[in-house]
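Colleague: Got a structure for you, written out below as structure tokens; questions coming shortly.
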Amino acid sequence: MRQLRDPLSPGLGRRAFLVSGAAALAAASTAHGGDDPARTAGAAKAAGEFDVCVVGGSCTGVFAAVRAAAAGMRVALVERNYFFGGTATAGFVPVWHSLFSLDGSRRIVGGYTQKVIERLAARGLATLHDAKDGRSESAYCFFNTAALQGELDRMVKEGGVRTFFGASFVAAEVDRPGHVARAVIEDKSGRRAIAAKFFIDCSGDGDLVARAGFETWMPPRERLQAHTLCALVTGVDRLRKKHPKFSFDELMKPSSGARLNHVFQWWAPVPGCPETTFLAATRVAACDPTNADDLTHGMFEAREQLGRIVAAANRVFPTDGPGLQVAAVAPELGLRESRHLCGLYRVTGEDVLSGREYPDVIAKGTYRVDIHEGKGIKFRYLDGREWEMLQDLSTGEIKVRRGRWRPEGPNPECYQVPYRAIVPKGSENVLAAGRMLDADREAYGALRVMVNCNQMGEAAGAAAAKAVKERLAAPDAYPGFVSAPA
Ligand SMILES: Cc1cc2nc3c(=O)[nH]c(=O)nc-3n(C[C@H](O)[C@H](O)[C@H](O)COP(=O)(O)OP(=O)(O)OC[C@H]3O[C@@H](n4cnc5c(N)ncnc54)[C@H](O)[C@@H]3O)c2cc1C
């Protein structure tokens, strides 16, 4: 195990730190390939010194920050929005999948995910479903995403985490290879730098990892999972009352006139809001989340699709009243895939589908491989089933194929995520939790969902605390499976 120097310790001294910081600026734009020399930390005012700094306040980031704080760390949490939750709140996505083994018989995940679900359910703001027919996949939880914002606020405040809302992380100050000294943010107070002993990138897009010069990878645009702008709509009950055959599936067909080139949509009631329905029916393919122009175009494109879907619903299923209406559009395009870190291990589809076990397990799950292709969707289940829905773009014909990807046989209890998949290669004091983990296309299809990201966040927070306390390098700070059920 490597014992580390503490860059903020009195022993090193402020002067030495500044010198190493200057060296870092050179490194960030040369040897480490920092991506924009103009984004250096030089002019940034100090915004405080912490043990752990987490960039990105999704559930992953909040759970990382609160876990580290619970271990006695002074923690900073940087979030560009003025609320926590990431895709769950900025993207309106309201489902956490099963915390049970594949046959539904045993709880395999607890931790903060279970705690938050229980708190929301106690207020009638999360709906829990049992594992029907012995199937884990039925045991999911719908929640009210506005209420989730409040729960995350509460966790962060109770945990004593210092929050920087409205703050975009823009640059990393690297003081020696693999070691970040300060994270530079821009917020209403200007350009400021947060010094910390350890950093966790929970930005989804790997902004910190990439700007600190660690190696990352991303599939070509056309191979990225497609993105979806979600919305809250009203009027579904009225439509169904007048048109018992109403279904959102009908709107995806060419005959609806909505002019979509994809087939998959899903919707869900919003707990606590009986008139409101969550709807995920748009699709933006070949959009690179690290390219601002792609995101701008993607937002325009998705909002136009949403408008056409609602217009088609009211044309094909007319009512006497206001019909289907959009009550709220998610402020952000829901991003399914972006940069991945080059980790100490890349999880493969075979690892996931065979339920491979690791000595450094940090997360367990059963959610299926779920790949949103440009025009359709593909599922692979741990129990060997396979399901695919594709649209022939020339004829508009929708093809559904059900089958098996392997013969019947013994099923794994769950799959696992190893700690190594969230440790960037060459990292001394940086981890990256959430959807940016290192996983191939098939493994990623399963591991990207929130119950898995939440566990990665908790593990990263615990690992950061361990690294700081015991002066360990990131690869040596495996904290155990901290989100195991109590
Ligand atoms: C339409 C859609 C439907 C989905 N359906 C489900 C589902 O039903 N169930 C499920 O579990 N998963 C679902 N997923 C997947 C899941 O939501 C995401 O993979 C997961 O939420 C990713 O979490 P994350 O923490 O890695 O990233 P994110 O949720 O993207 O969070 C990143 C956070 O970092 C912040 N941030 C980013 N960059 C910066 C920066 N430079 N500075 C400061 N802050 C920054 C963001 O504002 C955000 O809060 C869906 C995804 C989409 C898009």
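Colleague: Looking at region 220-259, which trypsin sites (Lys or Arg not before Pro) are DSSP coil and have at most 16 other C-beta atoms within 10 Å of their C-beta? Please report the intermediate quantities before stating the final value.
Modeller: On the way: sites: Arg221, Arg223, Arg238, Arg240, Lys241, Lys242, Lys245, Arg259; in loops: Lys245, Arg259.
Filter output for region 220-259: Lys245, Arg259.
Colleague: Rounded to the nearest 20 Debye, what is the dipole magnitude of the chain about its Cα centre when Lys and Arg each give +1 and Asp and Glu each give -1 at the C-beta? Write out the running numbers ahead of the final one.
Modeller: Values: 62 positive and 55 negative charges, 103 e Å.
The dipole magnitude comes to about 500 debye.
Colleague: Considering the zone a paramagnetic label at Asp153 would reach in this model (a point 7 Å from Cα along the Cα-to-Cβ line), which residues of region 53-87 have amide N under 13 Å from it?
Modeller: Taking a point 7 Å out along Cα→Cβ of Asp153, the residues of region 53-87 whose backbone N falls under 13 Å are 82-85.
Colleague: Arrange Thr234, Thr60, Thr282, Thr216 by Cβ neighbour counts within 10 Å, fewest through most, would you? Walk me through the numbers before you get to the answer.
Modeller: Details: Thr234 17, Thr60 33, Thr282 28, Thr216 22.
Neighbour counts put them in this order, fewest first: Thr234, Thr216, Thr282, Thr60.
Colleague: Calculate the FRET efficiency for Arg106 and Ala43 from the Cβ-Cβ distance with a Förster distance of 45 Å, rounded to the nearest 0.05. Before the final figure, lay out the partial values.
Modeller: Numbers: r = 54 Å, r/R0 = 1.21.
Efficiency at R0 = 45 Å is approximately 0.25.
Colleague: Additional query: Principal axis lengths of the chain from Cα atoms, whole Å, largest first?
Modeller: 75, 50, 45
Colleague: What ranking do Thr290, Thr296, Thr163, Thr89 get, fewest neighbouring Cβ atoms within 10 angstrom at the top? All intermediate terms of the calculation are to be shown ahead of the outcome.
Modeller: Values: Thr290 15, Thr296 12, Thr163 19, Thr89 24.
Listing Thr290, Thr296, Thr163, Thr89 from fewest to most nearby Cβ atoms yields Thr296, Thr290, Thr163, Thr89.
Colleague: Give me the distance in nm between label points sitting 7 Å out from Cα along the Cα-to-Cβ direction at Asp187 and Trp405, one decimal.
Modeller: 4.2 nm
Colleague: Follow-up. Kindly state, as a whole number, the per residue volume in cubic angstrom of the convex hull around the alpha carbon atoms of region 226-329.
Modeller: 98 Å³
Colleague: Rounding to the nearest 10 and keeping the result within 0 to 90°, find how far the Cα-based axis of helix 292-316 lies from the longest principal axis of the chain.
Modeller: Rounded to the nearest ten degrees, it is 20.
Colleague: Taking neighbour counts of Cβ atoms within 10 Å as a proxy for exposure, in what order, fewest first, do Thr145, Thr228, Thr127 appear? Kindly include the intermediate steps, with their values, before the conclusion.
Modeller: On the way: Thr145 25, Thr228 28, Thr127 19.
Ascending Cβ contact count within 10 Å gives the list Thr127, Thr145, Thr228.
Colleague: Helix 145-159 against the longest principal axis of the chain: what's the angle in degrees, Cα atoms only, rounded to the nearest 10?
Modeller: Between helix and principal axis, roughly 20 degrees.
Colleague: Against the longest alpha carbon principal axis of the chain, how many degrees, from 0 to 90 and to the nearest 10, is the axis of helix 111-122 turned?
Modeller: Roughly 50 degrees between the two axes.
Colleague: Further question on the same structure: Give me the one-decimal nm value for the distance between modelled label points at Lys241 and Lys132, 7 Å along each residue's Cα-to-Cβ direction.
Modeller: 2.5 nm
Colleague: With label points built 7 Å along Cα→Cβ from the Cα atoms of Ala486 and Ser354, find their separation and express it in nm.
Modeller: 3.7 nm
Each value in this text was obtained by applying a stated rule to the coordinates, not by laboratory testing. As the structure is a computational prediction, the values presented were derived from the model and not from experiment. Methodologically, a virtual Cβ is constructed for each residue, glycine included, from the backbone with ideal geometry; neighbour enumeration extends over all protein chains shown.
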